[in-house]
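One structure is given below, encoded as structure tokens.
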Amino acid sequence: MAMSHAAGGAVAPGHARGALFEGAGSGLIVFIWAVYAFAMAYGAFGGAIEALSTDDAARLAEVNDLLAGQSWFDLTQYRLNPPDGVVMHWSRVIDLPIALILLAAERLFAQDVALRLTLTLWPLLLLLPALFAVASASRTLAGPSAGVIGAFMLVMSPGVTQRFAPSAIDHHGAQVALALTLLACALRIETSARAAVGAGVCAALMTAIGMETAPHVAVCAAVIALRWAVTGDAMARGARLFGLTFAAGTSAVALATLSPDSWSAPVCDTLGVGHLAIAIVGGLGLAAATSFARGDVVSRFFGLAQVGVASLAALAIASPNCFSSPYAALPERLQTGWLARVQEAQTFVSSAINEPTASVAIGLPLLAVLGVAIWAMATAKPEARWRVGVAVAMFAAALGVTAWQVRGVSLAFAMAAPLLPMAVLAIGRTGDALRTVLAVIALSPATLALVGLGVADAAGLEPIAAGGAAKRCPSADYLALGALPLGLALNTIDTGPYILALSPLAAVAAPYHRNVDGLTAAIDAFQGSEEAARAVAVSRNATYVVVCPLDGGVTPEALAHPGGFSDILVSGKAPAWLEPIPLGPHAKLLAFRVLAGR
């Protein structure tokens, strides 16, 4: 059967007779998801609590507080750096489904089982719409055979699938799923009103959930607007519906999740007045331009330029601070003493210096996809060039974010998945099944990453250390803290989320940039002398000191400052003003009671 290539350049119509994946539909996508989900759940259910990252644990603490009766509009973590607490920059959009699953599970199972079930189910459920979205985008770009290939490429991207692994409840999985759905909708925006509305809804939800995807939303919206300015009436309805939905959707999410007083807060790290200004002025402005600036290309570009100027002016009036770095207000002490040590917050260049082998394993696949993107743009037929351009632009946005902070790599690989089937089908354009399968294997991100590791080994770079992923102390150790009388723990930074999620104690510090006071106190204590630490404990009226020697920064800090507070604790000694608290014979977490008057 002949296959037409939607991208219009890599595979000519009629050249893919007997294409291997022709006609593969929803059933196969569900099958891929079911196999992956079963494999992941089978191996991870029992250790779901142990696998929580710091962000996952903080999300769990937020959900627990909501279920315990904290106001829907109140995102303050009151047990973090009390008495004021810390207002989190996350969204109830993610809290709600997790809370509902946990609430339902607790009605059927014991609390421990219900929690493990929730931690397992939610990320895996998010993967299903992500697979359907990437399949849809791949079919639009490369024809009906491309859907299953795109889905396979997604599950073969370790940087993506880790966002859907059991315990990954933070918000990254939802962002990946929404970004892929935004792309899938944007590719069909000129022919489908539902796709245009869907794109606007996804853009609004992405804006509400977190600012990591703001560049992807901005780039996608810009390409939609530019496409209308160039092509005119063919895109007018789609662009208009997108703009209206984005403006209305962002406003609706703000109304549903933000307290009235926070509407005017000039925040930049979460949905605030600046983002509302951009969404409302930009979205309504685009809708107005497509309705009234319907003359020639010059008129349309003039109307679009007015929308752009008005949007920037609205942001400048509402939140001028959002034009600077999101970490610009962070004190220099925290920039160097904490943020610079956070692996995912490093630039790709800095990460490559510190972890060259891992960077080659990541960089080589992304470089290969970049080559595919350039080839796709160069060979796309005129009628398909805009669709390819949307996919390439969103991939380029993800690359830019990754260059700035390596945490963007998951979205970069997610945006790569719809592009790779174009190259696969071009290689197998004669319809030869074996060549198509070999192309799928050769171009899968997992294969390219293995090639990258081989290149790094051949170059003499140090291999990735075994167990090089972030380590943490066992959940049982934190649960054991629950037997202690309530009190405040002066704690190392990465233990904070686990203390909040798995025990009733309060914590001074957690790895979040809004917790400036608590982070500063932890740095003063654990990067300083015993005397400095005692002064911090006394000033905070801390009841306990909690340290996890497995945390990435604790032992290196002890080695860097012999005789300092961290070195004393890690070496097994306890100052006279601290009393060791036994947490169990195999406990890794170190807990001490602060002795009054010592």
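Rule-based calculations on the coordinates, nothing more; no lab input. Everything numeric in this text was worked out from a predicted model, so none of it was measured. Counting neighbours? That spans all protein chains shown, and the Cβs are built from the backbone with ideal geometry, glycine included.
Here are a few things to note about the model shown:
- Membrane-span-like helices in the chain (whole DSSP H runs, Cα extent of at least 18 Å along the helix axis, mean Kyte-Doolittle hydropathy of at least 0.0): 26-44, 92-108, 111-142, 172-186, 193-209, 214-231, 233-257, 273-292, 297-318, 356-379, 385-404, 445-458.
- FRET efficiency for the Ala574 to Gln111 pair, using the beta carbon distance and R₀ = 35 Å, is estimated at 0.55.
- The label point for Ile441 and the one for Ala587, both projected 7 Å from the Cα toward the Cβ, are 5.1 nm apart.
- Ranked for footprinting exposure by Cβ neighbours inside 10 Å, fewest first, His216, His561, His586, His171 give His586, His561, His171, His216.
- Overall form of the range 475-594: rounded. Here a/c, set by the Cα gyration tensor axes a ≥ b ≥ c, is under 1.5.
- This model, with +1 at the C-beta of Lys and Arg and -1 at the C-beta of Asp and Glu, gives the chain a dipole about its Cα centre of some 1540 debye.
- Sorted on the mean count of surrounding Cβ atoms within 10 Å across their residues, most packed first, peptides 250-258, 101-109 read 250-258, 101-109.
- Dipole axis of the chain (+1 Lys, Arg; -1 Asp, Glu on Cβ), positive-most option in Val281, Leu28, Met40: Leu28
- Our summary gives the chain a relative contact order of 16 percent, counting only alpha carbon pairs under 8 angstrom and 6 or more residues apart.
- Sequence of Thr357, Thr231 once ranked by neighbouring C-beta atoms within 10 Å, starting from the fewest: Thr231, Thr357
- Between Leu450 and Ala193, full extension at 0.36 nm per residue minus the direct alpha carbon distance yields a gain of 88.3 nm.
- Cα→Cβ-extended label distance, 7 Å offset, between Ala234 and Ser529, nm: 7.4
- Cross-link partners of Lys471 among aspartates and glutamates (Cα-Cα below 17 Å; sequence separation of 8 or more within a chain): Glu50, Asp55, Asp56, Glu344, Glu355, Asp494, Asp551, Glu557
- Charge tally in the Cβ shell below 13 Å around Ala48, where Lys, Arg are +1 and Asp, Glu are -1, Ala48 excluded: -2
- Net charge contributed by nearby residues that have their C-beta within less than 15 Å of Ala560 (K/R +1, D/E -1): -2
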